[in-house]
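Taken together, the values in this text are just the output of simple stated rules run on the coordinates, not laboratory data. Keep in mind it's a predicted model, so treat the numbers as computed, not measured. Note: ideal-geometry Cβ built from the backbone for every residue, glycine included; neighbour counts use all protein chains shown.
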Amino acid sequence: MGDETRLLIGAAELARRLGSAAPPVVADCRFALADPGAGEKGWREAHIPGSHYLHLERDLSGPRAATGGRHPLPEPAAFSAVMRRIGLDSDRLLVVLDDSRAAFAARLWWLARYFGHGEVRVLDGGLRVWREQGLPLSADPPLARAGNFTARPDPRMRVDFEFVVAAAPGTVLVDAREARRFAGLEEPIDPLAGHIPGACNRPWIEATREDGSFLGADEQAARWRDLPRAAEPVVYCGSGVTACVNLLSLELAGIPGARLYPGSWSDWCSRPGVPVARGF
């Protein structure tokens, strides 16, 4: 199974580390697709002391184009600048959180690893668990010196549209969206409903409990028990965000090496003439 202590951090442990001589950098990734300003507003009102706010569209995505999806990956230089701004050094622990069952925190977790920063953990249960444990909150802006992080992307961790079209033997496409979107019964965001032909559905939200904490390693493994032993999973969602929760779930289950299709469904359905599947 995956090493939870390498991937997740509990609220009490984070509080202890924040009081140490070498505290982690904490990034608050709260966001709402329906109200893009809500996350930052909530952070300004109350956040973990010293935490920095990072906006999905401004800090964790690149500029949109005709293809490539709704949330393209940021360029290495842009990501480096964001990480340096919040004080991240190459050897310093980064802790990421949100209040949406890791939907947005996992995006930064994956981005950090993709750009070469291995010391990153998701706050298990996010801000909700922090609050429930009565840990301190602040409205004060964080202080930070400039960090020295330099992004070095690992192309092995991602695939593009052409790779998905070619569908090499052994590749298993995993759609992380809700079942009704996967089946094409509804599509509230993108212009076309359905899924990439051949994909299986593993809704991202099933990797966590109601309180936002992640299922244990055995339960994560059970989510993926139907995956062929030699499978090479490629995970996608609507725009390369919630798919990262499934990538974390796979790591927790002891299944490393899964890749992200960053453009995801919003890239796929923007291409004229692509095949579309519907149903389960």
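A Cβ-based charge dipole, computed about the Cα centre of the chain with Lys and Arg at +1 and Asp and Glu at -1, lands at about 360 debye. From least to most packed, judged by other beta carbons within 10 angstrom and beginning with the fewest, Thr5, Thr171, Thr208 follow the order Thr5, Thr171, Thr208. For the chain, the alpha carbon positions stretch 54, 40, 32 Å along the principal axes, listed from largest to smallest.
At full extension, Arg44 and Ala277 could sit 79.6 nm farther apart than now, given 0.36 nm per residue minus the alpha carbon distance.
So how strong a dipole does segment 4-153 carry about its Cα centre when Lys and Arg Cβ are +1 and Asp and Glu Cβ are -1, to the nearest 20 debye?
Numbers: 20 positive and 17 negative charges, 48 e Å.
With Lys and Arg at +1 and Asp and Glu at -1, about 240 debye.
Computed on the Cα atoms alone, the convex hull of segment 4-153 gives a volume of 108 cubic angstrom per residue.
Tell me the mean residue ellipticity at 222 nm calculated for the chain from its helices only (DSSP H runs of n ≥ 4, each -39500 (n - 2.57), averaged over every residue, nearest 500).
Working: 12 runs with 83 residues, N = 280.
Result for the chain: -7500 deg cm²/dmol, rounded to the nearest 500.
Placing one identical point scatterer on every Cα of segment 156-268 and ignoring solvent, what is log10 I(q)/I(0) from the Debye formula at q = 0.10, 0.12, 0.15 Å⁻¹? For the requested q values the scattering log ratios are -0.26, -0.38, -0.60.
Based on C-alpha pairs under 8 angstrom that are at least 6 apart in sequence, the chain has a relative contact order of 24 percent.
Sorting Trp130, Trp265, Trp224, Trp110 from the fewest to the most surrounding beta carbons within 10 angstrom yields Trp224, Trp130, Trp110, Trp265. Segment 229-245 and segment 44-118 have Cα centres lying 18 Å from one another. When Ser80, Ser239, Ser90 are arranged by Cβ crowding within 10 Å, least crowded first, meaning fewest neighbours, the order is Ser90, Ser80, Ser239. With the charge dipole of the chain set up from +1 on Lys and Arg Cβ and -1 on Asp and Glu Cβ about the Cα centre, the Cα lying farthest toward the positive end among the listed residues Phe161, Ala11, Ser138 is that of Phe161.
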